[in-house]
Amino acid sequence: MNPSVTHRPVTLVEPGTVKLERLLPGPVERAWAYIVESDKRAKWLAGGEFDLRIGGKIRLAFDNSRLPNEKNLPAKYKDSGKGQFEGVITRLEPLRLLAHTWKWDAVETEVSYELAPRGKQVLLTIVHRRLTKPVVAKVMGGWDVHTGILEDLLNGVEPRPFWATHEKLSAEYAPLTQ
C-alpha cells in the first residue's frame, strides 16, 4: 500500500471485491431504515423501491445532483451520476443483513449491507463483489463518499459535498487498485 495515501474505510479485499466499514450513530433500526426505505436512501445513495423478500426486485434510481454538492458544480459532472439499476435480493435478515444483485454495465455485481451494534453506534459493512477492474477505484470512492454523507446525516451535520469529495477519494484509491 502506498504510505502517502490516507487511510480510508474502503479496502480492496481481492480483485473485483471492495469492502467498506464505517461506524455510524445508532440505533440499528435508524441505520436500517436509511438502507431499505427509498426516501431515506435517496438522501445519501439512491432512491428506488426494494421488495424486501428473498427474490424481491430492487431498483436503485441515482441522481447524484440531488445529493449535497458544491455550489459551483464543474461542468464535467452536469450529466453524471444519474441512472437506473436493477437487481434481486439474495439475502435478507431484517435489521442485520441485506444483499442484492446490481446489474451494472452488463455485469451482475452483488452488494451486501451488514449492520452490527457497537454500543450506541452501528458498524456498517458493505461488500461489493464482481466489479470490473476499470470501475474499482470509482466504486471505492463512491462508497466512501456516499456512506460519509450517510454518517453526516445521522450525526445531524451538514453533509459533505458529493462530487468534490468523490473526485478526491477516487484519486486516492486509484493507486490501490493497480
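Readers should treat all values here as calculations from the given coordinates under stated rules, not as data from a laboratory. Given the structure is predicted, the values throughout are model-derived calculations rather than measurements. Reconstructed Cβ throughout: ideal geometry from the backbone, glycine too, with neighbour counts over all protein chains shown.
Ratio of segment 35-121's C-alpha Rg to 2.2 N^0.38 Å, to two decimals?
Working: Rg = 14.8 Å, N = 87, 2.2 N^0.38 = 12.0 Å.
Compactness ratio reported: 1.23.
How would you order 15-21, 160-166 from highest to lowest mean count of nearby Cβ atoms within 10 Å? Mind dumping the intermediate values first?
Details: 15-21: 17.4, 160-166: 19.7.
Result, highest mean first: 160-166, 15-21.
Any lysines with Cα under 17 Å of the LYS103 Cα? List them, leaving off those in the same chain fewer than 8 positions away.
LYS57, LYS82, LYS133, LYS138
Can you list the DSSP H helices in the chain whose Cα atoms extend at least 24 Å along the helix axis and whose mean Kyte-Doolittle hydropathy is 0.0 or higher? If you can, show how the numbers build up before the last one.
On the way: long enough: 136-155 (28 Å, 0.42).
Counting only whole DSSP H runs, the qualifying helices are 136-155.
When averaged across all projection directions, what area in nm² does the alpha-carbon convex hull of segment 10-177 cover? Mind dumping the intermediate values first?
Values: hull surface 37.0 nm².
Value for segment 10-177: 9.2 nm².
Run the helix sum for the chain: -39,500 (n - 2.57) per DSSP H stretch of 4+ residues, divided by residue count, reported at 222 nm to the nearest 500 deg cm²/dmol. Don't skip to the answer; put the middle values down first.
Details: 4 runs with 45 residues, N = 178.
It lands at -7500 deg cm²/dmol.
Can you give the charge dipole size of segment 64-178 about its Cα centre, rounded to the nearest 20 debye, using +1 on the beta carbon of Lys and Arg and -1 on the beta carbon of Asp and Glu?
60 debye
Scan around LEU52 for amide H atoms under 5 Å from its own, H built in the peptide plane at 1.01 Å from N, and keep only partners 5 or more places away or cross-chain.
Under 5 Å from the amide H of LEU52: no residue qualifies.
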